[in-house]
1. Could you list all residues from region B:518-544 that are modelled with pLDDT under 90 and either within 16 Å of B:V560 (Cα to Cα) or among the aromatic types (F, W, Y) (or both)?
2. Quick check on my filter: what residues within region B:329-375 are polar (S, T, N, Q) and at pLDDT 95 or above?
3. Would you please list the contacts, defined by Cβ atoms under 7 Å and residues six or more apart or on different chains, that run from a residue in region B:351-375 that is farther than 25 Å from B:L414 by Cα to a residue that is part of a loop (DSSP other than H, G, I, E, B)?
4. Please determine, by comparing only the residues of region B:260-277 that are open to solvent by less than 70 Å² (accessible area, probe 1.4 Å) and among the aliphatic types (A, V, I, L, M), which one is modelled with the lowest pLDDT.
5. Collect the residues in region A:48-66 that are small (G, A, S), touching a strand residue (DSSP E or B) at 6+ places or on another chain (Cβ under 7 Å) and within 12 Å of chain B (Cβ to nearest Cβ), keeping them in residue-number order.
6. If you take the residues of region A:2-29 that are closer than 22 Å to B:N475 by Cα and in contact with a Gly (Cβ under 9 Å, 6 or more places away or on another chain), which of them is nearest to the other protein chains (Cβ to nearest Cβ)?
7. Please state which one of B:V545, B:V478 is hydrophobic (A, V, I, L, M, F, W, C) and out of contact with any helix residue (DSSP H, G or I) (no Cβ under 7 Å at 6 or more places or on another chain).
8. Within region B:323-354, which residues are surrounded by fewer than 21 Cβ atoms within 10 Å (Cβ to Cβ) and away from chain A (no Cβ under 14 Å)?
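The values are calculated or read from the model by the stated rules, or taken from the named source; none is laboratory data. Every value quoted in this text rests on a predicted model; they were computed, and no experiment measured them. Cβ: placed from backbone, ideal geometry, glycine included. Neighbour counts: every protein chain shown. Side chains included, ligands, DNA and RNA excluded: accessible areas come from the protein's heavy atoms. Shrake-Rupley method; radii C 1.70, N 1.55, O 1.52, S 1.80 Å.
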Amino acid sequence: MKEKIIVVLNKAGLHARPAATLVQTLNKYQSVIKILKNDLEADAKSVIGVMALAAAYGSKLKFIADGPDEYEAIVTIENLFDSKFGE
Amino acid sequence: MSVDDKDIVLEGIAASAGIAIGKVFLLEENFCFVCKEVPKSFREAEKKRFDDAIEKTRSEFTITYNRINDVLGENYARIADVYLLILDDPTLKKNVYKLITDGINAEYALFKAIDKIIHFFENINDSFFKERKVDIQDVGKKILANLFCKKGKNLIRVDEESIIIANNLTPSDTVSVRGKKIAGFATDIGGKTSHTAIIAQGLAIPAVVGLKNISLLVKAGETIIIDGDKGEVVLNPSSKTLLHYKNKYDLQLSRTVELEKLKNLISETTDNHKIFIFANIDHSDEVPLILNKGAVGIGLYRTETIYFNRDSIPKEQEHFDIYYRVVQEISPYAITIRTFDLGGDKLTKMGLLNLGFESNPSLGLRSIRLCLKYPEIFISQLRAILRVSVLGKVKLMYPMISCLAEVRAANAILNKVKEDLRRENIKFNENMEVGVMIEVPSAGVVIDSIAKEVDFVSIGTNDLIQYMLAVDRVNENVAYLYDPMHPAILRFIKRIVDEGHKARIKVAMCGEMAGEPKYTPVILGMGLDEFSVSPSQIAPIKKIVRSVSFMDCKTIADKVLKLEDSKSILKEIDLFCETRDINT
């Protein structure tokens, strides 16, 4: 199991398009990936779940990946957030 | 018609600017369904029916995606991506399946599953995220329509100059009206950032959303007014109100015509001083948009996006394929390709290089410094740029230059790459112009030396201001100090322009400052040759350029260069604009 805490730094937060990019990217991984925000938990492969987190600019998210490609998944997540989803 | 004309004003949310006067076209989409018990032996078939509806909806969304992509480009089309993902959402599917397994019919199961999600979203405090529920509702409605095998009312039959009224519009509805002269949109639900609003803005159609119950209040065919600036809709308008809005509409029309006319006009001042207005782009697919906005070239092509979301440093051929498309599309206009401008910290995080920890990445190993240290990254990009240089007017620009030695070192690598290409018999433009971005203050100080060894310079104001004033403008505690009108900045820019001209080279500006109409007269008056701005700013900047005289601009530039604080500088600019009736 791999974990990573990430702060949302794109201006509009994890709104529809970044959420879509995140889910599309993570669908390629076999690992089960969860996102925790305070007491909320979402399946990172569910766009509804990700949007429901209402992760605005500055939110702290904890990603937990569990599976054969968990390491790669976490690195990819970091890259996505670093690139601010290319926005 | 009512007994007497009396305005009924509905207040909503201004979603897309402009005034529209037209006849109502009502888009109804109400379904009636009941909760039915499905016998055990039919439940698998019921799931299959649900799956079929999903597949049908998927093909509709794909068509929508392609259509939006054609009309507005990929950025907007990504909206349809969200719809596809909602359609495939594992949680939604699981919940619907579970309800069907319990014996509920597909329609009601879907309704219940969506309703539960909507309820959750309604409890979110952040209105921006709360609004995303509309997307989920839209998808639900589309699936439901396919479960019923019912087609929604087709917008293709809408009359010209109609105002479309609906409970809500999906992006596919919104975009299907393309090519028709729809006057406006008004919907019961939605907010400023709803997808319908974004697309209406893209199509420049006035829209008001969040009107709660307008779809129940209007009758098809009646005349109404949409005020997309104020976010109001006027039903049953009096003749006085109609006249008032008619005048506003005419004014808006002439303004649009004016900006549209500007598209094909050259950017020159009233006393025939010509300057160039180019566009800044990040992606190859932005070229059609900027041409449509009247750009006469690309003054800054940021190549960083090529490095994102990948697991290795891009190869020469990948660079080439991307540049090939951009150069082909922008030709015969010129394009300035800026080489790699990322921080080493980014590459390390992306797993493309391991450069270790940097305590201060913005002053660290980045951009040109990284290219000089790891020439293999630089060389693959330089080879690709040289190879496309024969296909159009291609210029090369180095970012983050801080001293002459760096220019020389970069050029030494460039010359070596050229030699290699000659040896390999690969054609390139021997006279390709090479310039540098002036964004590090030291480069501006020694601009006289640098200008002698390059073909052009472009002032990158965003970083230049940050470095000069020692302000991180993203840091809200000090962002107020980020001030493009700081006398130090203006005097410095003036120096760069003057020294550039002394060396007989062109001086451009590609930072955000170039795209702010308020600053245009001053930087124009300082003698800047080229403005490179974001696509939306091309027409507004051109409008200012065409409404002032170069003489006047020189006078105000000289005047503000003598002032001692930005407050009085801004005051002087406001006075300049006011007396000339310039709207910035």
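1. Within region B:518-544, no residue meets the criteria.
2. B:T336, B:T339
3. Partner pairs satisfying both residue conditions: B:G351/B:D311; B:E358/B:G364; B:E358/B:L365.
4. Looking at residues that are open to solvent by less than 70 Å² (accessible area, probe 1.4 Å) and among the aliphatic types (A, V, I, L, M), I get B:L262.
5. A:G49, A:A52, A:A55, A:G58, A:S59, listed by residue number.
6. Within region A:2-29, the match that is nearest to the other protein chains (Cβ to nearest Cβ) is A:G13.
7. B:V478
8. B:Y324, B:R325, B:Q328, B:E329, B:S331, B:P332, B:Y333, B:A334
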